[in-house]
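Notes for the one structure printed next.
The values are calculated or read from the model by the stated rules, or taken from the named source; none is laboratory data. As the structure is a computational prediction, the values presented were derived from the model and not from experiment. FYI the Cβ positions are ideal-geometry reconstructions off the backbone, even for glycines, and counts take in every protein chain you see.
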Ligand SMILES: [Cu+2]
Ligand SMILES: [Cu+2]
């Protein structure tokens, strides 16, 4: 107010000052406005730039998506082309194989005729009677050494076992064999006369053509298959309609297997969908039929899976890849195929040879699911009979120079646990990349399958369950009881032998594992005796085993009476007991 | 410090090229050349780059605005501060905050970010580059000042392998990314496109050197694609071969440290994570105790120094929160060899043509996610449900070398796919000092289960002869069943039990498959490939299906050799 009363008193300086202030204020305002405008402009610019950037990113992303889509399309087209190419190549290779086989068969047929004519005058050996073998008996009469390969001396300094003239097993035929389908060796002519030490060097008497290893025709299959992804691999396993059996021989043992699926009732009342194998005289039983060839026999199994792709892997048998039954190293069977292999013969005291023992066969397609669904059965290889190791009546040897056991009480024990959640899925569950939960096996039923091999029920749609065991007490004429443990379970298991009060009884002598005997191999250049014979039988009351292992165990109960056999099913991570089964063992 | 070890200590140089002066000139020798294969880590990088990260993702760890991993890491720290995103220095606690401020501002400020982060990033990478070169000296001076008696013993010219406990994401066989921790050989960040979660193979030599070599013995000829070629035909066994005795080198997989008997193993273990961690070499200490760093606090490092234990295989892992840290990826194996006879398990024990080290592992992504978000898994209440099963870090078709990535296939061939030419095998004298017998010997497979599930290693085509379990030699006579029911005796097996943390050693004969008929064998003109797979069948899956996408491999009996025979080896 005073100022307004004294306007005239303002000095020029003051005026100037006021003016300046005003100007400054104005300028400030202007600057601020300008700054604001600038800021806004900048913000706009930034926004614009961001928008452009985002736009560019979007476009880039779009481009990338397009490029990727195009690339994916190209890849898929390429993959398709490659698959078709591969399929063509495979088909061509199979066709070639088939032609070759055809020619081979013709040649063999001609040779056979000639031989038959030559032999027409000679008396024929009596043909052994009832043979389940479907194909005609072997037409490989021993050509009397004329075509026999020179039994070349052994490969190493190792002592050559004295066995060469392994006599055709006379014992086997007199023993009533418990197993219907798979009578081992119905024919005396043992193709095994002098033992060639070096398998590859022995020209086959049947195959008149010399081996022709260098076939200059196109490489039949890509040396290595390549896939775009795990799903691509899993959902595109090799599949062949009717693959040909190479160098198909006349079999000594032939079985005809097919696939079945049905609901089965288990001993705890559970009714569950199962898949497995069947033969004409074992219909829809679980596990699959026992197959029991003898060392040295040519074994063939015809398999025609009726629903979906399957294979048969002869677990522990070691043939060539085509007969090994694995999709990704050979083929899955869409139509039919005849597997062929010949279990190697044992030699006494030699740890390098021989296959006699306990095995199993199982499907190897989407195995996690298919084996759990039940696609397996027992496979036992019996030894050849060596002249130095004759066999008593009613007995058999576990391997060529192995201990004798009592045929009547020979028992198969198959731990198997079941997760019912998995039963009811599609054959190809998980293969297209969907989460089928197959990594998580949570069994809710625990079974002991099997029983006395001489007494498998022959019915239809039955589960072969182990109800109790018998075991011979030492002494008397009976040999010991052989227990064959086949672990068809996905979990670790513990097998215990105990008395009725639960006290451990070390009655189990472990003689073989995975089809190979335990031998003392400590002395190179000397025979390797079976452990029992070498003076330290491995006896125990407890035995651990895991999935797919097989153990051959001779039972030696200390005295007559009742015992218990316990199988614990353990967790595969924590080792906790998740299930348990106990059966009675009666020793007499 | 000699030149080689000096160079080795620079994590950026040691594994790159074969350019190591004088040593590198011999091409036939594998001392330096290699490790350009990307294996899993490399693929993981691709997956990351193509996935969440924009195209300009730097190879070095640059926190990405979109990737929330930075904040996750902070959560993980719980107690905040530097542990989340330590810079490249690893051991350096002081510098650790730098990068964090970077990622921290990202979240807050809005518009400026675009331009600013870019410059920031540059600056960061620069400093990172700087600090990395300094890492060694820095760390060394630190450890010198440490009061730890072992550290005090260390003199500057003794080579040390720096081990970095890192975290990151690995690509599984189905391309999904799963959080892992691992013992790496260079410091990397959680969101690194190529995290270092496995040590590339190193060898502590008896003479005191430390070298980076995938091949042992160092300098031995590399078997082409992993396959030892034969010495010549076995005239007494047509179609079969005599092997080169004491000739071929063996490729080691990632995570394997080799130490020669008489050497001193020195690992400086840097904990770059938010929680305490530890590196223990199980059974490698005096009297079979674990040799361990003890708990290492976040940001700290500890020097572990020990004399190489007896020849054998020793798992190393972080035993923390058993078995969680190991399952998250903190595992590997120490292989001790006797350099006086490096083609034997130990002098007087099984001899082999070459050896294969197989590390089995099982991955549980649920556990991984809990830990990635900063939680702590309680293994008793949160039961493990593994979803991926690996062999040498690979599963399914990757492990079989059947991908379209040739480098990956090659790594599988060299490290996993057992292969060789058929030979007559004599189990009574494949080694153990026998002169003639060893020419017909097999290959050694060392199966090491660093995971948690009970594996059953099943080989098609040949039975294997098992000689050792957990560094205990099984006898050739007088076997026994132990009190737990395990049978201990040298034996043939087609299924080899391998429980968690167990080591089994077996000889694969590579012989003619015994049950193939003669005609088929004689007409053979291609490789015969067989599967090896675990028979605890759940391990054959990936992500709940995709059989056979789990712990599996192939092994190969080679087609007739076309020559020429080479190598003057015995
Ligand atoms: Cu199997
Ligand atoms: Cu198999």
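Under the condition of being within 22 Å of residue A:503 (Cβ to Cβ) and touching a helix residue (DSSP H, G or I) at 6+ places or on another chain (Cβ under 8 Å), the residues counted in segment A:532-553 number 2.
For segment A:432-439, the criterion of being out of contact with any helix residue (DSSP H, G or I) (no Cβ under 8 Å at 6 or more places or on another chain), away from ligand 1 (no atom under 16 Å from the Cβ) and closer than 30 Å to residue B:539 by Cβ is met by at least one residue. Restricting attention to segment B:516-525, does a residue exist that is crowded, with 21+ Cβ neighbours inside 10 Å and under 31 Å from the mean Cα position of the chain (by Cα)? No, there is no match, as no residue in segment B:516-525 is crowded, with 21+ Cβ neighbours inside 10 Å and under 31 Å from the mean Cα position of the chain (by Cα). Applying the set (1) within 16 Å of ligand 1 (Cβ to nearest atom); (2) touching a helix residue (DSSP H, G or I) at 6+ places or on another chain (Cβ under 7 Å) to residue B:463 leaves exactly one unmet item: (2). For residue A:453, the stated conditions do not hold, so it cannot be described as over 30 Å from residue A:350 (Cβ atoms), surrounded by 20 or more Cβ atoms within 10 Å (Cβ to Cβ) and touching a strand residue (DSSP E or B) at 6+ places or on another chain (Cβ under 6 Å).
For segment B:348-435, the helices (runs of 4 or more DSSP H) that sit wholly inside it and include 2 or more residues that are away from chain A (no Cβ under 14 Å) and within 23 Å of the chain's Cα centre (by Cα) are B:365-372, B:406-415.
Of all residues in segment A:247-277, those satisfying the criterion of being crowded, with 19+ Cβ neighbours inside 10 Å and within 14 Å of another protein chain (Cβ to nearest Cβ) are A:247, A:249, A:251, A:252, A:253.
Pairs meeting the criteria (first residue in segment A:370-389 and within 14 Å of another protein chain (Cβ to nearest Cβ) and modelled with pLDDT of 95 or more, second residue within 12 Å of ligand 1 (Cβ to nearest atom) and in a strand (DSSP E or B), beta carbons under 6 Å, at least 6 apart or on different chains) are A:371/A:362; A:375/A:362; A:376/A:360; A:376/A:362; A:379/A:359; A:379/A:360; A:379/A:361. For segment B:469-492, the criterion of a residue being buried (at least 23 other Cβ atoms within 10 Å of the Cβ), part of a loop (DSSP other than H, G, I, E, B), more than 8 Å from every other protein chain (Cβ to nearest Cβ) and on the phi > 0 side of the Ramachandran plot is satisfied by no position. Residue B:526 satisfies every condition listed in (1) at pLDDT 95 or above; (2) more than 16 Å from ligand 1 (Cβ to nearest atom) except (1). Mind checking whether some residue in segment B:254-275 is at pLDDT below 95 and either farther than 30 Å from residue B:520 by Cβ or not assigned by TED's automatic domain parsing to the domain that holds residue B:199 (or both)? Within segment B:254-275 (the criterion being at pLDDT below 95 and either farther than 30 Å from residue B:520 by Cβ or not assigned by TED's automatic domain parsing to the domain that holds residue B:199 (or both)), the answer is no, since none of the residues qualifies.
Please verify whether segment B:519-527 includes one or more residues that are in contact with a strand residue (DSSP E or B) (Cβ under 7 Å, 6 or more places away or on another chain) and either assigned to a strand (DSSP E or B) or in contact (Cβ under 8 Å) with a residue 12 or more places away in the chain (or both). Full working, then the answer.
First pass over segment B:519-527, keeping only residues in contact with a strand residue (DSSP E or B) (Cβ under 7 Å, 6 or more places away or on another chain): B:527.
When the remaining residues are screened for being either assigned to a strand (DSSP E or B) or in contact (Cβ under 8 Å) with a residue 12 or more places away in the chain (or both), the result is B:527.
Checked segment B:519-527: at least one residue is in contact with a strand residue (DSSP E or B) (Cβ under 7 Å, 6 or more places away or on another chain) and either assigned to a strand (DSSP E or B) or in contact (Cβ under 8 Å) with a residue 12 or more places away in the chain (or both).
None of B:552, B:541 is more than 8 Å from chain A (Cβ to nearest Cβ), within 16 Å of ligand 2 (Cβ to nearest atom) and either free of Cβ contacts under 8 Å to residues at least 24 places away in the same chain or touching a helix residue (DSSP H, G or I) at 6+ places or on another chain (Cβ under 8 Å) (or both) except B:552.
Evaluate the following for residue A:281: is it touching a residue at least 40 places away in the same chain (Cβ under 8 Å), within 28 Å of residue A:444 (Cα to Cα) and away from ligand 1 (no atom under 16 Å from the Cβ)? For residue A:281, the condition - touching a residue at least 40 places away in the same chain (Cβ under 8 Å), within 28 Å of residue A:444 (Cα to Cα) and away from ligand 1 (no atom under 16 Å from the Cβ) - is not met. Based on what the data block shows, is residue A:268 without any contact (Cβ under 8 Å) to a residue 40 or more places away in the chain and away from ligand 2 (no atom under 16 Å from the Cβ)? For residue A:268, the condition - without any contact (Cβ under 8 Å) to a residue 40 or more places away in the chain and away from ligand 2 (no atom under 16 Å from the Cβ) - is not met.
For segment A:426-442, which positions are without any contact (Cβ under 8 Å) to a residue 40 or more places away in the chain and more than 8 Å from chain B (Cβ to nearest Cβ)? Before you say what the answer is, go through the steps one by one.
Here is the first cut: in segment A:426-442, the residues without any contact (Cβ under 8 Å) to a residue 40 or more places away in the chain are A:426, A:434-435, A:437, A:439-440, A:442.
Passing the criteria: A:426, A:442.
Out of curiosity, is residue A:295 crowded, with 24+ Cβ neighbours inside 10 Å, within 15 Å of ligand 1 (Cβ to nearest atom) and either away from every other protein chain (no Cβ under 13 Å) or closer than 30 Å to residue A:517 by Cα (or both)? Considered against the rule, which asks whether it is crowded, with 24+ Cβ neighbours inside 10 Å, within 15 Å of ligand 1 (Cβ to nearest atom) and either away from every other protein chain (no Cβ under 13 Å) or closer than 30 Å to residue A:517 by Cα (or both), residue A:295 comes out as no.
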